[in-house]
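Colleague: Attaching a single structure in structure tokens format; questions to follow.
The values are calculated or read from the model by the stated rules, or taken from the named source; none is laboratory data. Quick caveat, the model's predicted, so the values are computed rather than measured. No Cβ is skipped: glycine too gets one built from the backbone with ideal geometry, and neighbour counts run over all protein chains shown. Keep in mind that these areas ignore ligands, DNA and RNA; they rest on the heavy atoms of the full protein, side chains included. Shrake-Rupley method; radii C 1.70, N 1.55, O 1.52, S 1.80 Å.
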Amino acid sequence: MKLYAISDLHLDHQINSNAIDALPAFPEDWLILAGDICCTPKQLHFALMRLTQRFSQLLWVPGNHDLWSGVSDIKERGEAKYQKMVSICHEFGVLTPEDPYPLWEGEGGSHYLAPLFLLYDYSFRPSDISLEQAISWAREAGIVCTDEYYLDPTPHISRQAWCQARCDYSEQRLSELPKGIPRILINHYPLREDLVRLVRIPRFSIWCGTQRTKNWHLRFDASVVVSGHLHIRATDYRDGVRFEEVSLGYPRNWNQARGIEGYLRQILPAPTKTSNEK
Ligand SMILES: [Fe+2]
Ligand SMILES: [Fe+2]
């Protein structure tokens, strides 16, 4: 019984959605879906219909694309869109950030698995750039995340206000977990700015997380932190904690000859340490 993770399936791309059908079954194992699975409720239904047949348990967290509205025929906006996607997960028995954190008892030993929805607050920016300047600072470099048009924070007054509310909620719940059992933290966005290495588009960092979570791997006893969003797969270590970026990405970001199977990241049991040990 193993725990795998993948993110950024982006099933609105036909190549990616076709590749799901070629994925073999892992009937004993669990799979984490770490966000950006798709945009529409219909696509999420499609994905879960197929993936729940292949794994014994799924866990899901939203990415920015899963929260979009104003594209396709999506009716719900903001919090309502999130709740709509959660309700589809629940139809399929998929665990979300709104459910009790399950206790993993498979290979790799006991761990609490904590799916989180934390969003971003534009704080991954240089110290001389104010919050008010952040988006124009990115725009100067020709970068504006599509979320500025499609990620509606309603009823929150802004995406950063929604992020703060989600961090408050998640901190509370994580602090209530029983002590002495390590946790796997699962979020679409990396928890630390130093893991955001965007060589070609460095100013995209403002849409990639929040400084609030910089030390959550220590504060909440994580043995592994799983994230996606960057479309730059990596394994890093900070303070002895493993950070896994598990993106598949757009068709240009992965080799279709390997299939999606080739991109499933084993979270538990822990593989042998490989790269970027710090
Ligand atoms: Fe993505
Ligand atoms: Fe994303």
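Colleague: Mind telling me which of the residues ALA161, ALA141, ALA222, ALA134 ends up being more than 16 Å from ligand 1 (Cβ to nearest atom), over 17 Å from LEU116 (Cβ atoms), open to solvent by less than 20 Å² (accessible area, probe 1.4 Å) and modelled with pLDDT of 95 or more?
Modeller: Answer to the check: ALA134.
Colleague: Another question, then. Surrounded by fewer than 18 Cβ atoms within 10 Å (Cβ to Cβ) and farther than 21 Å from TRP60 by Cα, is that true of ASP236? So that I can check it myself, show each step before the final result.
Modeller: Details: surrounded by fewer than 18 Cβ atoms within 10 Å (Cβ to Cβ): no; farther than 21 Å from TRP60 by Cα: yes.
So ASP236 fails the test.
Colleague: Hey, another quick one. Can you name the residue in segment 231-262 that is under 12 Å from SER7 (Cα atoms) and not in a strand (DSSP E or B) and is also farthest from ligand 2 (Cβ to nearest atom) among such residues?
Modeller: To start, the set of residues in segment 231-262 that are under 12 Å from SER7 (Cα atoms) comprises 231-233, 244-250, 260.
If we keep only those that are not in a strand (DSSP E or B) too, we end up with 231-233, 246, 248-250, 260.
Working: HIS231: 8, ILE232: 12, ARG233: 14, VAL246: 12, LEU248: 12, GLY249: 10, TYR250: 11, ILE260: 17 Å.
Here the residue is ILE260.
Colleague: Next up: Is there a residue in segment 207-214 that is open to solvent by 50 Å² or more (accessible area, probe 1.4 Å), closer than 27 Å to LEU103 by Cα, touching a residue at least 40 places away in the same chain (Cβ under 8 Å) and not in a loop (DSSP other than H, G, I, E, B)? Reasoning before the result, please.
Modeller: So in segment 207-214, the residues open to solvent by 50 Å² or more (accessible area, probe 1.4 Å) come out as 211-212, 214.
Then drop every residue that is not closer than 27 Å to LEU103 by Cα, which leaves 212, 214.
Still in the list and also touching a residue at least 40 places away in the same chain (Cβ under 8 Å): 212.
Subset that is not in a loop (DSSP other than H, G, I, E, B): 212.
Yes: one or more hits.
Colleague: Let me ask another. Please identify the pairs in which a residue from segment 29-58 that is farther than 13 Å from MET85 by Cβ and open to solvent by less than 50 Å² (accessible area, probe 1.4 Å) has its Cβ atom under 6 Å from the Cβ atom of a residue that is within 16 Å of ligand 2 (Cβ to nearest atom) and in a loop (DSSP other than H, G, I, E, B), counting only partners at least 6 apart or on another chain.
Modeller: ALA34/VAL61; ALA34/HIS188; ALA34/GLY228; ALA34/VAL246
Colleague: Of everything in segment 1-28, what is within 15 Å of ligand 2 (Cβ to nearest atom) and open to solvent by 50 Å² or more (accessible area, probe 1.4 Å)? Give them in sequence order.
Modeller: Those that are within 15 Å of ligand 2 (Cβ to nearest atom) and open to solvent by 50 Å² or more (accessible area, probe 1.4 Å): ASP12, HIS13.
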